[in-house]
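Only one structure is covered here, and it is reproduced in the block below.
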Amino acid sequence: MDLQVLPLVEKKAPIADESKLVFGKQFTDRMFVMEYDADRGWHSARIAPYGPFILDPAALVFHYAQEIFEGLKAFRRQDGSIALFRPRDNFERFNRSARRMCMPEVNVDFMLRALKELIRLEADWVPRSEGTSLYIRPTMIATEPVLGVKPSERYLCYIILSPVGAYYKGGLNPVKIWISDEYARVSPGGTGEAKTGGNYAASLYASTQAASRGYDQVLWLDAVHRKYVEEVGSMNICFLYDGKVVTSPLKGTILDGITRRSILTLVSEEGIEIEERALSVDEILDGVESGRLSEAFGTGTAAVVSPVGQFTCGSRTVKLAGAGELTLKLYNRLTGIQYGKLPDPHGWVETI
Ligand SMILES: *Cc1c(COP(=O)(O)O)cnc(C)c1O
């Protein structure tokens, strides 16, 4: 497929102060867009000035939430070059989400080529200071204007870019986690494994309640027993329990995180055993108290590794010390590979 580059009429002012970047609030000058019609397939791929879409109010995405997205980052390296982290994995997951949501798949090689071209044009927007990056948001929405519950015959796929500041300023600060034993995010057979907006819409009520009580994130339990750990907000979660790294298995209700996958590889390189099983709430609460559970951290593209400092479930609260030794080591190893400060033996990094 051809990729057209449309002229940019007006350039925004560049990033004024990289220390003031707020996640997801500022976007670059250009975006990638392509359209799909059932009879033509994907067409009209272009890099266009960033701007609003005109959509019919009946467009299916507004009514029945047929939507998927991805999240990945580009990193500025010390030699000035720009690198993507496992971008192919993201577009492959985009296609898995598409299949689950009855949406058309994209050509992974074409998407990678388009993304790299977009970032080359927007290279000025990749920040340079320590810990900053360019967040990349591929998205697909159903645009057919019809009020009928069915897969759309038309779609829009686009990629927008947002420069982001350092997630951690002065050390990995631990988060306070609210364990929800009342609300569930997804259920078995549902869409938990797809990166789709509806999962997030369903999570807002509990996370708003958690935030109003002073918690940073909600830890979701399985919808059947309300007992076993699934994941946290937009992160998977790992525990150092009895000296092993324990993390929930991929059984269709949690997202197959690329950070999770990468961290597990690094953990096994440390010679630490991995157990893919769902810890129970009691194992967490009792484990912290008895010392069997010594570290806990979330994994996801935005925060990379996010240490947990506190778990609360109902009236019970347990506290962990700050970021643990393993948590720090994994954070440093993974960001070291991403920013090109450490070797990349697994070929995770693709320079542009
Ligand atoms: C995106 C996401 C993650 C993390 O995935 P990464 O590929 O590591 O960024 C975890 N859980 C949910 C629900 C997500 O949407």
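The values are calculated or read from the model by the stated rules, or taken from the named source; none is laboratory data. Here the structure is a predicted model, which means the values were calculated and not measured. Note: ideal-geometry Cβ built from the backbone for every residue, glycine included; neighbour counts use all protein chains shown.
Take Leu285 and decide whether it is of a type in the set (A, V, I, L, M, F, W, C), under 19 Å from Asn236 (Cβ atoms) and in a helix (DSSP H, G or I). Steps first, answer last, please.
Working: of a type in the set (A, V, I, L, M, F, W, C): yes; under 19 Å from Asn236 (Cβ atoms): no; in a helix (DSSP H, G or I): yes.
Answer is no for this residue.
I need the full set of residues from the stretch 269-321 which are exposed (fewer than 15 other Cβ atoms within 10 Å of the Cβ) and among the small types (Gly, Ala, Ser), in order please. Correct list: Gly271, Ser290, Gly291, Gly314, Ser315, Ala321. Listed conditions (1) within 16 Å of the ligand (Cβ to nearest atom); (2) in the same structural domain as Tyr215 (by TED's automatic domain parsing); (3) touching a residue at least 40 places away in the same chain (Cβ under 8 Å); (4) hydrophobic (A, V, I, L, M, F, W, C) are all met by Leu264, apart from (3).
Ala278 - would you say it is more than 30 Å from Cys157 (Cβ to Cβ), in a strand (DSSP E or B) and within 16 Å of the ligand (Cβ to nearest atom)?
Working: more than 30 Å from Cys157 (Cβ to Cβ): yes; in a strand (DSSP E or B): no; within 16 Å of the ligand (Cβ to nearest atom): yes.
For Ala278, the condition - more than 30 Å from Cys157 (Cβ to Cβ), in a strand (DSSP E or B) and within 16 Å of the ligand (Cβ to nearest atom) - is not met.
Determine whether the stretch 161-176 contains at least one residue that is under 21 Å from Phe75 (Cα atoms), touching a Gly at 6+ places or on another chain (Cβ under 9 Å) and crowded, with 22+ Cβ neighbours inside 10 Å.
Here is the first cut: in the stretch 161-176, the residues under 21 Å from Phe75 (Cα atoms) are 161-172.
Of the ones still in play, those that are also touching a Gly at 6+ places or on another chain (Cβ under 9 Å) are 162, 164-169, 171-172.
Subset that is crowded, with 22+ Cβ neighbours inside 10 Å: none.
No, the conditions are met nowhere in the stretch 161-176.
Does the stretch 216-224 contain any residue that is without any contact (Cβ under 8 Å) to a residue 12 or more places away in the chain and away from the ligand (no atom under 16 Å from the Cβ)? Give the derivation first.
Taking the stretch 216-224 first, the residues without any contact (Cβ under 8 Å) to a residue 12 or more places away in the chain are none.
Checked the stretch 216-224: no residue is without any contact (Cβ under 8 Å) to a residue 12 or more places away in the chain and away from the ligand (no atom under 16 Å from the Cβ).
Would the stretch 309-327 turn up any residue that is within 16 Å of the ligand (Cβ to nearest atom), in a loop (DSSP other than H, G, I, E, B) and out of contact with any helix residue (DSSP H, G or I) (no Cβ under 9 Å at 6 or more places or on another chain)? No: the stretch 309-327 contains no residue that is within 16 Å of the ligand (Cβ to nearest atom), in a loop (DSSP other than H, G, I, E, B) and out of contact with any helix residue (DSSP H, G or I) (no Cβ under 9 Å at 6 or more places or on another chain). If you scan the stretch 198-227, which residues turn out to be surrounded by 17 or more Cβ atoms within 10 Å (Cβ to Cβ) and either assigned to a helix (DSSP H, G or I) or hydroxyl-bearing (Ser, Thr, Tyr) (or both)? Correct list: Gly198, Asn199, Ser203, Ala206, Ser207, Ala210, Tyr215.
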